[in-house]
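Only the coordinates and a few stated rules stand behind these numbers; no lab work does. Computed from a predicted structure; not experimentally measured. All Cβ positions, even for glycine, are placed from backbone atoms using ideal geometry, and neighbour counts span all protein chains on display.
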Amino acid sequence: MSSAQPLESRRRDAPDLGPARCDVLVIGGGPAGSTISSLLADRGWRVTLLEKDHHPRFHIGESLLPMNLPILERLGVLQQVREIGMFKPGIEICSNREAGKTQFFYFDKSLEGTCKHAFQVRRSEFDHLLLKNSAKQGVEIHEGVRVTEVAFRQDATSTVRALDADGQERQWEADFVVDASGRNAFLSTRLGLKEKNENHNSAAVFGHFKGAVRRTGRDEGNIGLFWFEHGWFWLIPLRDGVTSVGAVCWPDYLKTRSGSLDSFLWDTIRLCPAIHERMKEAELIGQATATGNYSYGSRRMWGQGYLLVGDAYAFIDPVFSTGVYLAMNGASMGAEAIDAYLRSGGKSVAQFKKFERVMGRGLRTLSWFIYRFTTPTLHDLFMAPRNTFRMEQALISVLAGDVFRKTPVTLPVTLFKTAYYIGNLLNWGRSWTSYRRRRRNADLAFAEGAPPGQSKP
Ligand SMILES: Cc1cc2nc3c(=O)[nH]c(=O)nc-3n(C[C@H](O)[C@H](O)[C@H](O)COP(=O)(O)OP(=O)(O)OC[C@H]3O[C@@H](n4cnc5c(N)ncnc54)[C@H](O)[C@@H]3O)c2cc1C
């Protein structure tokens with residue numbers, strides 16, 4: 001990582017102001033929290049990270065994107081991730097309407113400058129590795145400590161209250177607070193910033209399996225995406241032979257569940273012949289899990305003395321495996337902004353504004369594809385990709401996560417979108433039916449944190 005530059009009085013080597021005092025307090029030790037902590041500690045700030053669980057802990061979301069790699073390299077953990085990861089050369093997308101026809105998208109065909117492969121990782125190992133790296137960078141980490149309250153004061157430090165595993169209250173004074181609490185969206189919820197996504201609504205049922213059929217050779221590590229009548233499936237092969245399989249479904253389908261979650265997942269698998277074929281001999285390890293209240297955002301990303309990163313800011317459907325990358329990329333940009341802010345004594349907010357703009361642009365690019373993933377027109381375009389005007393290459397760059405930099409992606413992506421809209425006009429009947437279903441489902445409200453039929457966790 002880069003060497004620390006000269007800093008003012010609140011640096012780590014400044015006189016110790018007491019055990020419960022820090023420059024930056026980070027809530028949550030997932031990829032967003034550990035990344036921003038490491039990068040800020042590397043710049044000399046005294047960072048404390050509070051994590052309610054103990055690592056290694058289970059987390060869903062095993063498929064990384066190629067554009068994650070430069071961040072992992074910057075953190076100095078790329079080699080370690082390579083050792084625990086399954087090499088992921090691309091994505092295969094399987095059609096339900098064309099008798100299981102599969103289209104392969106390899107990252108090495110992306111536009112120049114986009115990274116050419118990624119990894120699938122067990123999140124317990126990956127997140128633990130990142131957190132240990134933060135500790136190595138000098139971050140003070142407290143596991144089993146859940147933040148319960150943040151009291152902000154104008155032009156002064158904030159008080160962060162937390163409960164440890166024994167139920168004892170702990171307090172910290174911090175110049176700056178980062179919320180990286182994931183889908184708990186701690187600050188966004190408390191500050192009334194959280195908003196349900198009006199355009200997209202779905203939920204997931206998933207599990208880890210042994211005995212699922214894998215492809216061989218180069219394609220073994222591909223992520224598989226499978227459309228089916230009620231949404232789509234993911235199939236993610238992990239290095240140790242386990243496969244992560246999940247279905248992201250429309251609420252109207254999830255509302256039909258009556259039995260156990262395990263049997264619902266198996267019944268859903270049987271509705272998609274292509275994935276069922278791969279799962280005939282498979283066995284569920286442990287129990288199936290469900291996640292609801294899927295897509296949301298926050299009205300703002302930062303304010304006086306705080307920043308929201310990763311899922312604590314926004315969550316978009318992970319159909320293209322964007323979550324970890326968005327979390328780490330946001331954390332990386334966020335670290336720059338906080339560094340500039342603290343150095344200026346809390347005056348410089350230009351970097352926050354830039355960060356919010358860039359993040360918004362990237363999220364909009366990805367969301368355009370995500371919202372339309374289950375539409376018949378996008379299905380057709382994905383099943384018969386053409387590289388006219390480098391449209392296919394640009395699409396692969398977007399799928400690799402290359403949406404934040406200024407690249408030659410913009411023009412071919414615009415042409416791709418134009419092809420989509422023309423396709424919609426030519427097939428307006430089916431497009432209208434699909435739009436109506438998307439709208440109806442977006443309007444169906446989930447209970448907070450749980451899909452219909454499942455109680456709040
Ligand atoms: C079904 C599903 C499938 C997904 N698939 C993928 C995928 O294939 N690829 C991908 O990239 N992404 C995927 N994602 C998204 C991905 O998992 C997240 O985007 C990613 O984990 C975000 O990282 P984060 O650090 O923001 O949050 P998290 O990883 O959730 O970390 C937040 C941490 O904060 C801690 N915490 C919460 N509240 C408190 C508190 N009050 N005090 C202290 N600690 C607290 C939590 O214990 C947790 O460790 C998927 C998500 C879902 C739901």
**Message:** For Lys210, give me every one of the lysines with a C-alpha distance below 26 angstrom, ignoring sequence neighbours fewer than eight places off in its own chain.
**Reply:** Lys88, Lys101, Lys280
**Asked** Considering the alpha-carbon set of the chain alone, what are its Rg and its Dmax in angstrom?
**Response** 22.0, 70
**Complete:** Summing -39500 (n - 2.57) over every DSSP H run of at least 4 residues in the chain and dividing by its residue count gives a helix-only mean residue ellipticity at 222 nm, to the nearest 500 deg cm²/dmol, of -10500 deg cm²/dmol
**Request:** Considering Cα pairs under 8 angstrom that are at least six residues apart, work out the relative contact order of the stretch 242-330 and quote it in whole percent.
**Result:** 19 percent
**Prompt:** aspartates and glutamates within cross-link reach of Lys194: Cα-Cα under 20 Å, excluding same-chain residues under 8 positions apart?
**Reply:** Glu149, Asp179, Asp311, Asp317, Glu356, Asp443, Glu448
**Prompt:** Going highest first, how would you order 382-388, 51-57, 20-26, 315-321 by mean Cβ packing within 10 Å?
**Reply:** 20-26, 315-321, 51-57, 382-388
**Nitroxide proxy distance, nm - points 7 Å out along Cα→Cβ at Tyr421 and Tyr106** = 3.4 nm
**Item:** DSSP beta bridge pairing in the chain, given as percent antiparallel to the nearest 5
**Value:** 70 percent
**Message:** Going by Cα centres, the stretch 108-170 and the stretch 350-421 are how many Å apart?
**Reply:** 29 Å
**Complete:** Ordering 294-306, 242-254, 35-47 by per-residue average of other C-beta atoms within 10 angstrom, highest first, gives 35-47, 242-254, 294-306
**Request:** Report, in whole Å, the centroid distance computed from the Cα atoms of the stretch 171-223 and the stretch 234-252.
**Result:** 14 Å
**Item:** Residue order, fewest to most beta carbons within 10 Å, for His142, His230
**Value:** His142, His230
**Complete:** For the chain, averaging the sequence separation of alpha carbon pairs under 8 Å that lie six or more residues apart and dividing by its residue count, the contact order in percent is 20 percent
**Request:** Any chance you could run the full-extension gain for Ser344 through Ala151? It's 0.36 nm times the residue separation minus the Cα-Cα distance, nm to one decimal.
**Result:** 67.2 nm
**Prompt:** Cα convex hull of the stretch 92-171: how many Å³ per residue?
**Reply:** 279 Å³
**Complete:** Cross-link reach from Lys255 to lysines, straight Cα distance under 24 Å and at least 8 residues apart if same chain, gives Lys196, Lys456
**Asked** Considering only the other residues whose Cβ falls under 14 Å of the Cβ of Ala32, what net charge follows from Lys and Arg at +1 and Asp and Glu at -1?
**Response** -2
